[in-house]
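The values are calculated or read from the model by the stated rules, or taken from the named source; none is laboratory data. Computed from a predicted model, the values in this text were never measured in an experiment. Positions of Cβ are generated from backbone atoms using ideal geometry, with glycine treated the same way; all protein chains shown enter the neighbour counts.
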Amino acid sequence: MKHVILLATAILALATASDVSAQAPSGTIPDALRASPLPRQQLSGPRFGFTTFTGDVADLRQSAGKGLFMSQFGWQFETQLVSTTSGHQALLEWVVLLGGVEQNEMNLGVSWLAGYRLPNGVEFGVGPNIGLRKDGGEPTTSMVVAGGATVPFGELYVPLNVAIAFAEGGPRITTLLGWIAG
């Protein structure tokens, strides 16, 4: 958990430093390092995939007759906060997922991630998650660390991400695929 907090702090420091450098007086920062004054891009789109349960949660699910895998369908709302002239991007993302439809579960999960994308499309992010269940049980919370890549595919961008949600009872591993019309 200490590593997750350090990673989150580093990402936020990078995003803040990029934002501050864009406001610095001319001549103090080389142009190659200056954030470009681009408008915020909205890079949202559908996501679908599955979650794998591990640890005590996996054991509880099996004893309740539920599977270790659960489908996920949802939407990622992504805003590009900062873009440098070299192609690096600081991102803010909300991911809303409805899971377990095939098992009559209807779990709702919402994640808020601070992320960073490299010019080659490799990306990573970290942030909190809250989950609500159809049966009205206690909400679950976790810390999510995600990574993947967004690659161009014709007129679309196609993201493929893997996220690990660290929570009591064992981590959950989610794989998502989708597209961004942009």
Would you mind telling me which numbered condition in (1) out of contact with any His (no Cβ under 9 Å at 6 or more places or on another chain); (2) surrounded by 17 or more Cβ atoms within 10 Å (Cβ to Cβ); (3) at pLDDT 95 or above TYR116 fails?
(1)
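Look through SER44, SER26 and report the one residue that is hydroxyl-bearing (Ser, Thr, Tyr), surrounded by 11 or more Cβ atoms within 10 Å (Cβ to Cβ) and modelled with pLDDT under 90.
Details: SER26 fails: surrounded by 11 or more Cβ atoms within 10 Å (Cβ to Cβ).
Testing whether each residue is hydroxyl-bearing (Ser, Thr, Tyr), surrounded by 11 or more Cβ atoms within 10 Å (Cβ to Cβ) and modelled with pLDDT under 90 leaves just SER44.
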Please work out which one of (1) at pLDDT 70 or above; (2) within 16 Å of ALA163 (Cβ to Cβ) is the condition ALA8 fails and give its number.
(1)
Going by the structure shown, is VAL122 hydrophobic (A, V, I, L, M, F, W, C), surrounded by 15 or more Cβ atoms within 10 Å (Cβ to Cβ) and more than 20 Å from GLY100 (Cα to Cα)?
no
Residue list for segment 134-168, restricted to those being buried (at least 16 other Cβ atoms within 10 Å of the Cβ) and more than 15 Å from the chain's Cα centre (by Cα):
THR140, TYR157, ALA167
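Within segment 53-78, track down each residue that is within 18 Å of ALA167 (Cβ to Cβ) and part of a helix (DSSP H, G or I).
Our first condition is that a residue be within 18 Å of ALA167 (Cβ to Cβ); within segment 53-78, this holds for 53-62, 64, 66, 68-70, 72.
If the condition is that a residue be within 18 Å of ALA167 (Cβ to Cβ) and part of a helix (DSSP H, G or I), then GLY55, ASP56, VAL57, ALA58, ASP59, LEU60, ARG61, GLN62 are the ones that fit.
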Starting from segment 84-106, take each residue that is surrounded by fewer than 17 Cβ atoms within 10 Å (Cβ to Cβ) and list its partners that are assigned to a loop (DSSP other than H, G, I, E, B) and not small (Gly, Ala, Ser), counting only C-beta distances under 6 angstrom and pairs at least six apart or across chains.
GLY87/PRO119; GLN103/LYS66; MET106/LYS134
Whether any residue in segment 154-162 is under 21 Å from GLN89 (Cα atoms), not in a strand (DSSP E or B) and not small (Gly, Ala, Ser) is what I want to check.
yes
Pairs only if they're at least six apart or on different chains, beta carbon under 6 angstrom, first in segment 60-79 and more than 20 Å from SER111 (Cβ to Cβ), second assigned to a strand (DSSP E or B) and modelled with pLDDT of 90 or more; list them, first residue then second.
ARG61/PHE53; LEU68/PHE53
